[in-house]
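Read through the structure below, which is laid out as structure tokens, and then see the notes.
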Amino acid sequence: MNTLPSNAGYAQEAEKCLERYEARSSAEIHADWLHLFPQTPSKILDVGAGTGRDAAWLASLGHTVVAVEPTAELREPAKELHPEPSITWIDDRLPELETVRTRNETYNLILMNAVWMHLTEDERKRGMEVIAALMAPA
């Protein structure tokens with residue numbers, strides 16, 4: 001059983017993460033599934049937003065983004081690096097996403113890049129229930 005928080009270790013590696021993540025473009029990373037992204041301005045939830053690279057890219061495409069990052073050592077520099085007004089930064093985490101759920105919003109796309117593998121089987125079950133409830137109707 002996983003006894004560490006899902007973001008364990010990221011605080012110590014934040015500086016390296018910032019450098020490594022920002023070195024690659026979101027368009028390159030998401031190229032294989034980019035055709036699934038909304039083509040018109042939409043509300044997007046970026047869970048595990050890390051350095052904000054993807055949130056900033058999505059904002060540049062006209063989307064409104066809620067960027068969720070539980071690691072302050074990533075979230076705070078990301079807010080400074082990507083100060084776009086269409087990004088709302090939230091300190092929250094899977095599986096519950098309690099703060100996100102209190103917003104009573106749904107999203108047209110929910111991005112979870114490099115997050116799911118950090119959750120236990122039970123956390124994934126609960127997390128998927130929460131994510132499903134946050135999706136806007138098609």
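The values are calculated or read from the model by the stated rules, or taken from the named source; none is laboratory data. Because the structure is predicted, anything quoted here is derived from the model rather than measured. Cβ placement follows ideal geometry from the backbone for every residue including glycine, while neighbour counts extend to all protein chains displayed. For the accessible areas, the whole protein counts, side chains as well, though only heavy atoms, and no ligand, DNA or RNA atoms are used. Shrake-Rupley method; radii C 1.70, N 1.55, O 1.52, S 1.80 Å.
Some points to look at:
- In the range 82-102, residue most open to solvent (accessible area, probe 1.4 Å) [restricted to those that are touching a Ser or Thr at 6+ places or on another chain (Cβ under 9 Å), assigned to a loop (DSSP other than H, G, I, E, B) and without any contact (Cβ under 8 Å) to a residue 40 or more places away in the chain]: 91
- Among the residues of the range 23-68, the ones that are open to solvent by less than 10 Å² (accessible area, probe 1.4 Å) and either in contact with a Gly (Cβ under 8 Å, 6 or more places away or on another chain) or free of Cβ contacts under 8 Å to residues at least 12 places away in the same chain (or both) come to 2 in all.
- Of the residues screened, residue 110 is one that is open to solvent by less than 60 Å² (accessible area, probe 1.4 Å), in a strand (DSSP E or B), touching a strand residue (DSSP E or B) at 6+ places or on another chain (Cβ under 7 Å) and over 20 Å from residue 24 (Cα atoms).
- Residue check for residue 130: open to solvent by less than 30 Å² (accessible area, probe 1.4 Å), in a helix (DSSP H, G or I) and either over 21 Å from residue 20 (Cα atoms) or among the β-branched types (Val, Ile, Thr) (or both): yes
- Single unsatisfied condition, residue 78 versus (1) farther than 19 Å from residue 24 by Cα; (2) outside any strand (DSSP E or B): (1)
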